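Here is the structure we will look at.
The values are calculated or read from the model by the stated rules, or taken from the named source; none is laboratory data. Here the structure is a predicted model, which means the values were calculated and not measured. No Cβ is skipped: glycine too gets one built from the backbone with ideal geometry, and neighbour counts run over all protein chains shown. Quick note on the areas: whole protein, heavy atoms, side chains included, nothing else; ligands and nucleic acids left out. Shrake-Rupley method; radii C 1.70, N 1.55, O 1.52, S 1.80 Å.
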Amino acid sequence: MIYKLKGTLTSAIFVVAVLLALSLVILTPMFSMIILAAVFAYVVRPIAQRLQPFLRFQSLAILVAMVVVILPLIFVVLYCIHSLIESAPALINAASAANLGNATLDSLQSSPQYLPSSLLPYLGSVSGVVETVFSDVLRGVASYLVDFVQSIPNLALELFVFFAATFYLARDGDRLWSYAKMAVPQERKGFFQNLVRETDNVLKSIFYGHFLTAMLVGVISGIGFYLLGYPYALFMGILTGFTQVVPFIGHWPTYTVLALYDLFTGNYIRMMVVILLSISLSVLDMYVRPQISGRYADIHPMIFLLGFICGPLLMGLVGFIIGPLVLGVAYAAILAYKNSRETMDPHENKAETEGNKT
């Protein structure tokens, strides 16, 4: 018994496992940034491979690809923060001018041709709920901005780790994969090959099918908001693209708020145009998203919904990206296991079952 215990404690696998576990504990403060860097390295690497024949040096091609991919995202985030800070007083003044409590009810009662009279008694409570939600959202945004400013030193360190990890994972990711393949037993290589293939399909489905569709909806919405005369059209287009990624939610929150605002302020023609634009984007989403996603992997929308909800609760803002990706990769692992079992020889399947029993 003691001999077996000594053999286990001094085995190479045990030593490597303990050191890897300790390494994970040390990396815990930056673990989310490393995972996020791996995601961006997956996007940066193919772009860098296309740029390398023109730039000659691999490191330079990776740096240029990182600028192409990450710099627009940084601009979008900074612009959104600037727009939130700048628009907060204007939103408060607009809410006060619209008087969502009393003026709304009076204006709608004086214009009964637009709404049935049976709905007028309920408008007071509805407008009160809208006003309360609006003020709560503004307070939440202000509190988040204060916390964000206080966390700038830690955020700078996280961004440094993110950029460094993205660069090295994009450049040396093949080495990590070679180490992983070395640790896989020969009889399990078929499963891991299926896992890599299915994971690649899931990631392409997420990036091309969902993020590309959200980007298209955001651009169309931003142009539409600008032509309709809404202030902060670019910011609202970005917000629409962000909500478009989330299943069952889509672009409707932004369009609903704008339609209600036009309804309360009496701009009924623009309200109808906004509703028609929203319906058109819904039709576009129902056609484009399945067409692109279906080429790679058909992922159930509930997986994305849980990822978008649970990811930020666990990891903060980066959870919006990491949450759906982790659940998507888990879905790919299930598909890979299913495919490996279906393609496995019956004698191998029987041997594996007996091995699991023992």
If you go through region 190-211, how many residues are under 18 Å from residue 304 (Cβ atoms) and of a type outside the set (D, E, K, R)? 11
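Consider residue 169 carefully, then state whether it is closer than 30 Å to residue 47 by Cβ, modelled with pLDDT of 85 or more and assigned to a helix (DSSP H, G or I).
Criteria met by residue 169.
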In the list 319, 294, 311, which residue meets the criterion of being modelled with pLDDT of 80 or more, farther than 25 Å from residue 231 by Cβ and not β-branched (Val, Ile, Thr)? 311
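Could you list all residues from region 47-68 that are assigned to a helix (DSSP H, G or I), of a type outside the set (Phe, Trp, Tyr) and surrounded by fewer than 16 Cβ atoms within 10 Å (Cβ to Cβ)?
49, 50, 53, 55, 58, 59, 60, 67, 68
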Six or more apart or on different chains, Cβ atoms under 8 Å: show the pairs whose first residue is in region 182-199 and at pLDDT 75 or above and open to solvent by 60 Å² or more (accessible area, probe 1.4 Å) and whose second is of a type in the set (Lys, Arg) and assigned to a helix (DSSP H, G or I). 192/181
Going by the conditions given, is residue 264 surrounded by fewer than 18 Cβ atoms within 10 Å (Cβ to Cβ) and either in contact with a Ser or Thr (Cβ under 9 Å, 6 or more places away or on another chain) or at pLDDT below 85 (or both)? no
Within region 172-181, how many residues turn out to be open to solvent by less than 80 Å² (accessible area, probe 1.4 Å) and either hydrophobic (A, V, I, L, M, F, W, C) or not in a helix (DSSP H, G or I) (or both)? 1
Identity of the residue in region 230-241, without any contact (Cβ under 8 Å) to a residue 40 or more places away in the chain and surrounded by fewer than 21 Cβ atoms within 10 Å (Cβ to Cβ), that ends up nearest to the chain's Cα centre (by Cα): 233
Give just the number: which of (1) farther than 15 Å from residue 212 by Cβ; (2) open to solvent by 60 Å² or more (accessible area, probe 1.4 Å); (3) out of contact with any Gly (no Cβ under 8 Å at 6 or more places or on another chain) does residue 305 not satisfy? (2)
Exactly one of these conditions fails for residue 248: (1) open to solvent by 30 Å² or more (accessible area, probe 1.4 Å); (2) in a helix (DSSP H, G or I); (3) in contact (Cβ under 8 Å) with a residue 12 or more places away in the chain. Give me its number. (2)
